[in-house]
Amino acid sequence: MRIPLSRAHVTAEMKTAVLAAIDSGRFILGPETRAFEEEFAAAIGTTHAVAVGNGTAAIQLTLLALGVGPGQEVLVPAHTAFPTVEAVFETGATPVFVDIDSTYTVSPADLEAKITPRTVGMIPVNLYGHPVDVAAMRRIADARGLFWIEDTCQSHGAKSGGRTIGSFGDAGAFSFYPSKNLTVFGDGGMVTTNRDDLVRKIRQLRDHGRSDKYTHEVVGYNMRFNEIQAAVGRIQLRHLGQYARRRRELARGYTEGLRGVVQTPPEPRDGEAVFHLYVIQTDRRDALADHLKEHGIETGVHYPLPNHRQPATLGRISPPPPALPETERIVPRILSLPMFYELSDGERDEVVGRVREFFGKA
Ligand SMILES: *Cc1c(COP(=O)(O)O)cnc(C)c1O
């Protein structure tokens, strides 16, 4: 595809840092990783950050550190990447699916309606780079005594009320998968938190449950972080503000060009979205995607099969979870347009032109 959906930002400085990490002879959980953790915590505004193998591990290890297990329920949106839900299943707990509202993030009303005596916490997802309704989440978590993990795998640097997403809940979970807003040229993830108890447990769980080199206090995992990845992440982190500004600028241009042609994304009430994805809605979604593909423009659907209807979910939850009207209404209508830091204004305008052409509004 001439204009891809997404592309990682790679610079000569990052390549040099990779070579230096190799020459250091330290490959796992060394000084680069510790520096990346400290700088990441400072950027998000938490006292701690713990680097782990990927974003799914960030959620899963946080759940385990919170003591989540069989017989408990965790509230999650159905409209998210499957890993959000997978992490809950991995602990033995049951995901309870919540509908979204017009922001594509969890509906506070449906979230509250789905609470039962077995509910222990919630994982609202800051989807597409859009912050959830932080005030509502805080109110519900406090009033009902629930933990709150912010799935921020798509929203590095997004803000609400002047504060950075990932600093509000018990913990924030980040992914550095190559398509995400901050990447490390491979898999990687991070937990941000102000809770000392969680930090200690997550550090232990990510490294075989060790308390020292030869003592394994609990059964853990290998979900560690690599020095090469940390070296890249530290440089990308310094660019994060610039990445976010550029994505917002690209989104503004898309919205200006497409207003009245398709349904454009919402803007946060009191915050800043970072547009991991730029998602439009139209009832001619598939035909539009084909038209763009014919002109060398890649698009995506995030996500075509909601998680309460996934075979893996239906294999574990019976009877099947109830319908989620808003999620099911938008799924056949959503389309993600190309969005990444290096997308040029010209390329963006070409995408806009092709969409307008398709609708006879060139
Ligand atoms: C990418 C992503 C994850 C999982 O991250 P990985 O690093 O791929 O494990 C979880 N939740 C959301 C919303 C994501 O976009």
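The values are calculated or read from the model by the stated rules, or taken from the named source; none is laboratory data. Quick caveat: nothing in here was measured; it's all calculated off a predicted structure. Positions of Cβ are generated from backbone atoms using ideal geometry, with glycine treated the same way; all protein chains shown enter the neighbour counts. These area figures cover heavy atoms from the full protein model, side chains too; ligands, DNA and RNA do not enter into them. Shrake-Rupley method; radii C 1.70, N 1.55, O 1.52, S 1.80 Å.
Quick look at the values:
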| read-out | value |
| --- | --- |
| Residues of the stretch 54-74 classified as within 15 Å of the ligand (Cβ to nearest atom) and either assigned to a helix (DSSP H, G or I) or more than 15 Å from the chain's Cα centre (by Cα) (or both), total | 10 |
| Of residues in the stretch 151-190 being more than 9 Å from the ligand (Cβ to nearest atom) and part of a strand (DSSP E or B), the one nearest to Thr84 (Cα to Cα) | Gly172 |
| Scope the stretch 122-150; condition away from the ligand (no atom under 16 Å from the Cβ) and crowded, with 23+ Cβ neighbours inside 10 Å; matching residues | Val134 |
| Positions within the stretch 24-80 being in contact with a Pro (Cβ under 6 Å, 6 or more places away or on another chain) and among the small types (Gly, Ala, Ser), in sequence order | Ala78 |
| Identity of the residue in the stretch 168-191, among the polar types (S, T, N, Q) and surrounded by 21 or more Cβ atoms within 10 Å (Cβ to Cβ), that ends up nearest to Lys15 (Cα to Cα) | Thr183 |
| Qualifying positions in the stretch 114-135 - of a type in the set (D, E, K, R) and over 25 Å from Ala158 (Cβ atoms) | Arg118 |
| Checking Leu146 against (1) more than 24 Å from Gly300 (Cα to Cα); (2) without any contact (Cβ under 8 Å) to a residue 60 or more places away in the chain, the condition it does not meet | (2) |
| Selection status of Ala78, away from the ligand (no atom under 16 Å from the Cβ), surrounded by 19 or more Cβ atoms within 10 Å (Cβ to Cβ) and within 25 Å of Phe176 (Cβ to Cβ) | no |
| Pairs where the first residue, in the stretch 166-184, is closer than 18 Å to His48 by Cα and among the acidic types (Asp, Glu) and the second is within 11 Å of the ligand (Cβ to nearest atom) and open to solvent by less than 10 Å² (accessible area, probe 1.4 Å), C-beta under 9 Å, 6+ apart | Asp170/Ile149; Asp170/Glu150 |
| Filter pass, Leu335 being assigned to a loop (DSSP other than H, G, I, E, B) and either open to solvent by less than 10 Å² (accessible area, probe 1.4 Å) or β-branched (Val, Ile, Thr) (or both) | no |
| Conditions (1) surrounded by fewer than 19 Cβ atoms within 10 Å (Cβ to Cβ); (2) more than 16 Å from the ligand (Cβ to nearest atom): number failed by Phe89 | (2) |
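A quick yes/no check of all residues on (1) touching a His at 6+ places or on another chain (Cβ under 7 Å); (2) under 19 Å from Asn194 (Cα atoms):
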position: Thr103; (1), (2): yes, no
position: Ala109; (1), (2): no, no
position: Glu112; (1), (2): no, no
position: Ile115; (1), (2): no, no
position: Gly129; (1), (2): yes, no
position: Ser160; (1), (2): no, yes
position: Asp170; (1), (2): no, yes
position: Ser179; (1), (2): no, no
